[in-house]
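Everything below concerns the one structure shown next.
The values are calculated or read from the model by the stated rules, or taken from the named source; none is laboratory data. Please read all numbers here as calculations on a predicted model, not as lab measurements. Methodologically, a virtual Cβ is constructed for each residue, glycine included, from the backbone with ideal geometry; neighbour enumeration extends over all protein chains shown. These area figures cover heavy atoms from the full protein model, side chains too; ligands, DNA and RNA do not enter into them. Shrake-Rupley method; radii C 1.70, N 1.55, O 1.52, S 1.80 Å.
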Protein chains: 2
Amino acid sequence: MPARPMTATRFLARMSLETEVGTALSDTRIRLLEEIGRKGSINQAAKAVPLSYKAAWDAIDTMNNLAPEPLVVRVTGGRQGGGTQLTEYGRRIVAMYRALEIEYQAALDRLSERLNDVGGGDIQAFQKLMHSMSMKTSARNQFAGIVTGLRDGGVDYEVRLRLDPRHEITSVITKASAENLNLQIGKEVFAMVKSSSVMLAVDKGMKLTARNQLWGEVVAVHEGPVNNEVTLQLPSGRNVTAVVTQDSCTALGIEVGTEACAFFKSSSVILAAYD
Amino acid sequence: MPARPMTATRFLARMSLETEVGTALSDTRIRLLEEIGRKGSINQAAKAVPLSYKAAWDAIDTMNNLAPEPLVVRVTGGRQGGGTQLTEYGRRIVAMYRALEIEYQAALDRLSERLNDVGGGDIQAFQKLMHSMSMKTSARNQFAGIVTGLRDGGVDYEVRLRLDPRHEITSVITKASAENLNLQIGKEVFAMVKSSSVMLAVDKGMKLTARNQLWGEVVAVHEGPVNNEVTLQLPSGRNVTAVVTQDSCTALGIEVGTEACAFFKSSSVILAAYD
DNA sequence: ACACGCTGTATTGTTTGCTACATAGATTTG
DNA sequence: CAAATCTATGTAGCAAACAATACAGCGTGT
């Protein structure tokens, strides 16, 4: 974790349009719509987002009911058992949302820029607070790495990252984010994983679909009422923290000294880069 | 529900500064800090926000731990049993957040203004969607009323609303919101209540602390696995929907035809106004 | 000495949003 | 007719966030 002088924190545009009661449009829902447009089925779109089919269907249904005209058309039965297509209207809404998002990010950028320019004493205190907060919260499961691969997957980018000669992880992020980060082969970035989305395994022979697997030795187990917090040390000295239920902890026989594998889906890897 | 021509929807500034993992500063937390500054105790501040003491304490604790220097100082014991005070640093952070919030709202206003100016076909479709969504989602437990009273309570405003000659409800909203809505005696506004925060009673003699009590007749009971959805019709013909547990439903003997009272806290009433 | 009103924890329950699983129904193609 | 593959729907269960409640400890004023 290099102690580089970090410049002003950038505000992230995590937009979501909310009504008085409940959320109407969020990034997840828009991504779901986009995937439907590409895949032609709720089922596959749900897998791509990722979401459970149920959640996806519910989201689609409420959106369809809320909107003045349907966003998607659904067909049951048929050659491939049916399918779902974006309507022209739906396509327009998605496009508008994305356009609005870009504008929103631009507005935020102007805002933070202004904050930097003015630079009074109080503002600096505020920035220092935000900075220290973001450092503290992201201090766990943060890996510095170098981009070694970049695959355009239509909407998503698959980013391959080398942490050290022995460890690589991959991250799948939206195209928009990728472009935003200005990713390039060789660029240094930070990868973060929430400890709750890290799973553990001990069986060396087991085949896992998860792309990211890091083997290490358990160096600490912090017991909670329901979940345990397990810290793994990788051969390189890096630490990985996972939060797993006590049950699976005992089932796997995890205790200090155990060899274990921390694995996580590439879609739960968050990337950050500082220019 | 008058079908008035509604002008462009304004984006609401619900700002919250989020780090990669978790929310650091949100409106609720800042309001908590403000209340602490005024009341001098976490306990009373929590009641004012409102929040449970636990939630408030947790929030304060994490903020204090995250920040480079404490935002509050806490004392146990003493004349009034102790207390909590904002530090100078904490006061500065609150002030900065509020200032930033104003800037943020301004940025959003510029954004929505631009959206209105450009006004291409797609943008109008988008606005129509958002409009219809906010209408549809707020269709339940929405009451049109006229402001009959307005009491400045320091940070909060207590708004008295007349629905019809026989029914009045009161709402407590933050000063900021009140000013945003440009409330005045005689102004027509909409009041909304989530059906999950509506409670039921049948005992006519019972004294309730809740300010808002609406008597009516049960016209529908929609049974769910755990909760029932009970719809009351007021004498004026208005409908109120409450979601209550099956247990309390049977305990109160609620079925179609029962006379019942729907009551809710004034802090769970949301107001909306269209200029 | 004692009461007061707060801090600091822990316990339990509720709500919300999701996942995972199960199953019925649709309809075209082979 | 059967197979394939999706939509459409329900149920169970989990995890996070929060509410409600209880209670021990504290120290100043009366």
- Note on the structure: For the protein assembly as shown, the Kirkwood Rh over every pair of distinct alpha carbons, in Å, works out to 27.0
- Message: Relative contact order for chain B: what percent, with Cα pairs under 8 Å and sequence separation of 6 or more?
- Response: 14
- Computed over segment A:195-263: relative contact order in percent, which uses C-alpha pairs under 8 Å that are six or more apart: 46
- Query: Whole-Hz Karplus ³J(HN,Hα) for segment B:165-173, in order, using 6.51 cos²θ - 1.76 cosθ + 1.60 and θ = phi - 60°, x for Gly and Pro?
  - Reply: x, 9, 10, 10, 9, 10, 10, 10, 10
- Task: At 1.4 Å probe size, with every protein chain present, just tell me what the per residue accessible area of the protein assembly as shown comes to in Å².
- Result: 51
- Task: In nm to one decimal, list the spacings between the A:Gly186 label point and its equivalents in the other copies, with label points set 7 Å along Cα to Cβ, shortest first.
- Result: 7.2
- Task: Please work out how much accessible surface A:Leu150 shows to a 1.4 Å probe, ignoring ligands, DNA and RNA, in Å² rounded to 10.
- Result: 70
- Item | Label-point separation, A:Asn65 to A:Lys204 (7 Å along Cα→Cβ), nm | 5.4
- What is the residue of chain B with the smallest Cβ distance to the axis taking B onto A, and what is that distance in whole Å? B:Ala107, 2
- Across segment A:16-95, how large is the tail of the calculated P(r) beyond 14 Å, expressed as a percent of all Cα pairs? 59
- Query: Hey, for B:Ala55 with labels 7 Å out along Cα-Cβ, what do the inter-copy distances come to in nm, ordered shortest first?
  - Reply: 2.2
- Item | Surface share of carbon and sulfur [accessible, 1.4 angstrom probe, percent] for chain B | 52
- Within 10 Å of the Cβ of an average residue in A:177-187, the count of other chain Cβ atoms is 0
- chain B - mean residue ellipticity at 222 nm from DSSP helices (-39,500 (n - 2.57) per run, n ≥ 4, rounded to 500): -11000 deg cm²/dmol
- Quick one: with label points 7 Å out along Cα→Cβ, list the inter-copy distances for B:Ser197 in nm, shortest first? 3.1
- Note on the structure: Rounded to the nearest 100 Å², the accessible area hidden between B and A, summed over both chains at a 1.4 Å probe radius, is 4300
- Query: Whose amide H sits under 5 Å from the amide H of A:Asn228, counting only residues 5 or more places off or on another chain, with H placed in the peptide plane?
  - Reply: A:Val244, A:Thr245, A:Gln246
- With a 1.4 Å probe and every protein chain left in place, tell me how much accessible area B:Glu113 has, in Å² to the nearest 10. 110
- Item | Listed residues B:Arg79, B:Arg98, B:Arg114, most fluctuating in chain B (Gaussian network, C-alpha, under 10 Å) | B:Arg79
- 10 Å Cβ neighbours from other chains, averaged over peptide A:83-92: 1
- Query: Quick one: which of A:30-39, B:38-47, A:247-256 comes out on top by average Cβ neighbours within 10 Å, and what's the full order, highest first?
  - Reply: A:30-39, B:38-47, A:247-256
- Given +1 on the Cβ of Lys and Arg, -1 on the Cβ of Asp and Glu, and no further charges, what dipole in debye does the protein assembly as shown carry about its Cα centre, rounded to the nearest 20? 180
- Query: Debye sum, Cα scatterers, chain B, no solvent: what log₁₀ I/I(0) at q = 0.07, 0.09 1/Å?
  - Reply: -0.34, -0.56
- Item | Positive minus negative residues near A:Leu129 (Lys, Arg vs Asp, Glu; Cβ under 10 Å) | +1
- To the nearest 10 square angstrom, how much accessible area does A:Lys187 have with a 1.4 angstrom probe? 40
- What are the principal axis extents of the Cα atoms in segment B:195-263, in Å, biggest first? 30, 25, 20
- Label-point gap, in nm, between A:Thr148 and A:Thr23 - each point 7 angstrom along Cα→Cβ: 3.5
- Note on the structure: Residues whose built amide H sits under 5 Å from the amide H of A:Asn141, excluding neighbours closer than 5 in sequence, are A:Thr241
- Task: Describe numerically, in nm with one decimal, the distance between label points set 7 Å from Cα along Cα→Cβ at A:Val256 and at A:Ser16.
- Result: 4.0
